[in-house]
Structure formats: structure tokens, C-alpha cells
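Each value in this text was obtained by applying a stated rule to the coordinates, not by laboratory testing. Every value quoted in this text rests on a predicted model; they were computed, and no experiment measured them. Don't worry about glycine lacking a Cβ; one is built from the backbone with ideal geometry, like all the others, and counts go over all protein chains shown.
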């Protein structure tokens with residue numbers, strides 16, 4: 001889903017425990033597209049200017065000079081985003097939504113491609129500022145890397161005994177090629193019956209008695225975009241029902257609010273979305 005999100009010009013939220021490779025994933029994606037990578041550790045004392053940049057007075061030239069913050073990069077890792085105050089979170093929100101920042105009364109465009117990977121710890125909530133629903137809705141998808149199985153974890157020891165594999169990666173696509181691919185993704189054909197299917201899934205989340213809040217119209221659009229990217233990755237020029245099913249939990253899971261009684265029973269919002277998808281009649285494959 002990280003590649004799907006990148007191809008759709010979206011932003012990714014990773015909710016997981018520490019030490020499972022979130023930073024490594026962000027670095028690998030940055031290197032793969034030949035882009036600049038920046039990491040920001042979010043803390044309660046982080047100010048908006050710390051991430052957007054600010055104007056510094058240059059005494060020699062007697063003028064203010066703008067010094068860009070870490071958001072001026074192609075891939076930005078916002079580590080533990082829920083530890084920052086809502087004011088700082090909002091500064092990141094404009095960058096994600098508009099691809100620009102506003103400081104000192106001036107608007108500055110961010111580089112393209114611009115991809116934010118934000119992380120938050122799913123088990124430790126002390127000293128955090130939970131992301132409001134409006135900001136969660138700005139993230140294209142949410143994933144959890146989880147712990148590797150035994151064989152994979154054993155392989156990590158072998159692969160990193162001498163050096164880290166990420167240090168030897170090289171770019172597989174240029175920034176210009178990526179932007180062209182992102183544009184081409186939108187040309188992936190979506191039949192009307194697939195559009196109806198996507199709308200029916202999103203509307204079903206709003207009618208579910210397991211949820212307090214269903215997915216937004218923005219989620220409908222993002223679900224279609226993700227389905228287009230998934231189809232393209234699978235080598236198809238047409239979106240099929242299975243493409244929609246595969247991406248729905250990741251695109252919709254963080255946009256819905258689960259009822260307290262369901263959370264107490266151990267149901268995750270993504271699990272509930274998967275159940276809802278199964279109840280919506282899928283159209284016959286088209287194309």
C-alpha cells in the first residue's frame with residue numbers, strides 16, 4: 001500500500017510499535033525515486049516554524065532570508081506525529097493537502113513529488129495528542145507493518161550482519177518519470193458498475209451499526225484512486241472488484257470511528273471495513 005499511496009500522490013499513516021522498520025521503509029522509498037529524504041521527530045515542544053521554515057534576519061544584507069524547513073523534501077517522515085500539539089499538526093496538514101506552506105504572509109510551493117509518511121505508536125498514548133478525524137481523513141491510507149514471522153526475522157540478522165541493505169539501494173525511477181506515472185494512473189479505466197460498487201461500499205460504512213462515523217466523500221475518491229493504482233500494478237488497464245476489495249481496509253479503516261463496544265471486543269476498524277465489504281454485492285468482473 002505504500003507504493004499505491006505514492007502513485008496516487010497521497011500520504012501514508014503507519015500505526016505500529018517501535019522498531020519494525022518504519023524509518024527504513026521511508027528511506028527506501030526516497031532512494032528508489034531518487035528523491036531527498038528528511039525525518040522529523042515530533043515532540044510536544046515542536047513549533048510549526050520548525051517544520052515549515054522561517055525567515056531569519058541577515059545583518060550583513062539588512063534583510064530577512066527564508067530558511068526552508070524539513071518539509072522541503074520529496075519524502076518526509078513525520079515520526080510520532082501524535083506527540084506534537086494540534087497547532088504543529090495543522091501546519092503539516094496544509095502541506096499535505098495543498099502541497100505548499102504559508103509563512104510570513106507568503107505561500108511557497110513544496111517540491112514534487114511530495115510524500116509524507118507519518119507514524120504513531122499504537123500502544124503508548126501517554127503524552128500524545130490524538131489526531132482528529134478531520135486530519136486522519138487527509139491521509140490516503142493507513143497500514144501496520146507488524147512483526148515479521150520467524151524466518152523473516154532470522155533473515156534480517158543475516159542481511160544486516162555487516163551493513164544495512166537500504167544503504168546499497170539505488171534509484172529505479174526518476175522524479176519526472178514518477179510524476180508521469182502518477183498522471184497515467186488516473187487513466188486506468190473504471191467502469192460505471194465499479195464506480196457504483198465503490199460508492200455502495202462507502203455508503204455502507206455510514207449505515208453500519210458497528211460504526212459511529214462512516215467514511216467521507218473524500219474516502220470515496222481515494223478508494224477509486226487506490227483501486228486504479230492497484231489494477232495498474234497488477235498489469236491491468238481496467239479496475240476489477242478484487243482491486244477494490246484489496247485496498248478498501250487500508251483506505252477506509254482510519255476514516256471510520258468504531259463503537260466502544262466493538263473496540264472492547266477487540267475489533268479493529270479495518271476488520272469491520274473488511275466485513276462491510278463482504279456484505280456489499282460485487283459486480284461481475286468487467287473488461
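Measuring r between the beta carbons of residue 257 and residue 279 and using R0 = 25 Å, the FRET efficiency lands at 0.85.
Sorted largest first, the principal axis extents computed over the alpha-carbon atoms of the stretch 20-79 equal 47, 30, 12 Å.
Can you give me the relative contact order of the chain as a percent, contacts being Cα pairs under 8 Å and 6 or more apart?
Working: 483 pairs, mean separation 60.5, N = 287.
Reported as a whole number, the value is 21 percent.
You can think of it this way: the chain between residue 221 and residue 54 has 56.7 nm of extra reach, that is 0.36 nm per residue less the Cα-Cα gap. Rg/Rh for the stretch 55-209 stands at 1.04; both radii use Cα atoms, and Rh follows the Kirkwood definition. Computing FRET efficiency as 1/(1 + (r/R0)^6) for residue 183 and residue 17, where r is the C-beta to C-beta distance and R0 is 35 Å, gives about 0.45. Extents of the stretch 1-132, largest first, come to 48, 36, 23 Å (Cα atoms, principal axes, whole angstrom). Working from label points 7 Å from Cα in the Cα-to-Cβ sense, the residue 45 to residue 152 distance is 3.8 nm. Roughly how many whole Å is it from the C-alpha centroid of the stretch 135-198 to that of the stretch 1-36? Cα centres, the stretch 135-198 to the stretch 1-36: 6 Å. Only bridges whose two residues both fall in the chain count here: according to DSSP, what percent of them are antiparallel, nearest 5? Bridges in the chain that DSSP calls antiparallel: roughly 40 percent. Can you give the FRET efficiency to the nearest 0.05 for residue 144 and residue 107, using r as the Cβ-Cβ distance and R₀ = 35 Å? So, using R0 = 35 Å, E works out to roughly 0.50. Over the C-alpha atoms of the stretch 199-287, the Rg to Rh ratio, Rh being the Kirkwood estimate, stands at 1.00.
Remark on the chain: Rg and Dmax equal 20.2, 70 Å (Cα only). Across all C-alpha atoms in the stretch 142-191, the radius of gyration and Dmax reach 17.6, 50 Å.
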